[in-house]
Amino acid sequence: MKKCYVFLAEGFEETEAITIIDVLRRGQLIVDIVSITGKKEVTGAHGIKVLAEKLFEDTSYEDGSMLILPGGMPGSNNLNSHSGLKKLIQSYDESGKYLGAICAAPLVFGGLGLLKGKEAICYPGFEDKLVGATISDKNTVFAGKVITSKGIISAVEFGLAIVKELQGGEICRNVADGLLVE
């Protein structure tokens, strides 16, 4: 089974993180929730505490298919300040593995130069952080192995796009149908 890692930093956007994790797990993907804070309890941008399953420093990432960054502030800046995470992102990019970021979090990819010549999107007002990208008017954009998305409003779409890419159209349709019925 394919595995995704979702990274939490203090000040992450709770709705984005939980929605993405939920959609991916419905799509039969293994999802590990990883804290970059040194502790498993991480507080989101709106004061909601979430218990991560793993700590960044105690996790091996070789078996992963994708790294995912939820947005929020100051969560996105905190992700961007973590040198180990940035090295891991660069390693995944060099290995041709998938990367995903939503809301303000694509600024991490932009700062690393991973969006140059690619179409990308982010939360309005952070476009200047997507260095070298062509800013899209879509809510969610796949550019090669990098997916970016606008924010809370597109969190389900972002999750479904990942499921479709990693698991195929049939599983994606089943998840989408289940979300509409429930």
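The values are calculated or read from the model by the stated rules, or taken from the named source; none is laboratory data. These numbers come from a predicted model, not from an experiment. FYI the Cβ positions are ideal-geometry reconstructions off the backbone, even for glycines, and counts take in every protein chain you see. Keep in mind that these areas ignore ligands, DNA and RNA; they rest on the heavy atoms of the full protein, side chains included. Shrake-Rupley method; radii C 1.70, N 1.55, O 1.52, S 1.80 Å.
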Restricting attention to segment 136-151, does a residue exist that is at pLDDT 95 or above, over 16 Å from the mean Cα position of the chain (by Cα) and not acidic (D, E)?
yes
Can you tell me which condition V181 does not meet? The list is (1) of a type in the set (A, V, I, L, M); (2) surrounded by 14 or more Cβ atoms within 10 Å (Cβ to Cβ); (3) modelled with pLDDT under 95, and all the others hold.
(2)
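Can you tell me which residue within segment 154-178, out of those that are of a type in the set (V, I, T) and closer than 24 Å to A104 by Cβ, is most open to solvent (accessible area, probe 1.4 Å)?
Going through segment 154-178, the residues of a type in the set (V, I, T) turn out to be 156, 162-163, 171, 175.
Restricting the remaining residues to those that are closer than 24 Å to A104 by Cβ gives 156, 162-163.
Working: V156: 64, I162: 1, V163: 0 Å².
Selected residue: V156.
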In the set E53, E62, the lone residue that is without any contact (Cβ under 8 Å) to a residue 60 or more places away in the chain, of a type in the set (D, E) and in contact with an Asp or Glu (Cβ under 7 Å, 6 or more places away or on another chain) is E53
Only listed residue being out of contact with any strand residue (DSSP E or B) (no Cβ under 6 Å at 6 or more places or on another chain) and of a type outside the set (K, R), chosen from L88, L99, L67:
L88
Taking segment 144-161 on its own, how many of its residues are in a helix (DSSP H, G or I) and touching a strand residue (DSSP E or B) at 6+ places or on another chain (Cβ under 6 Å)?
4
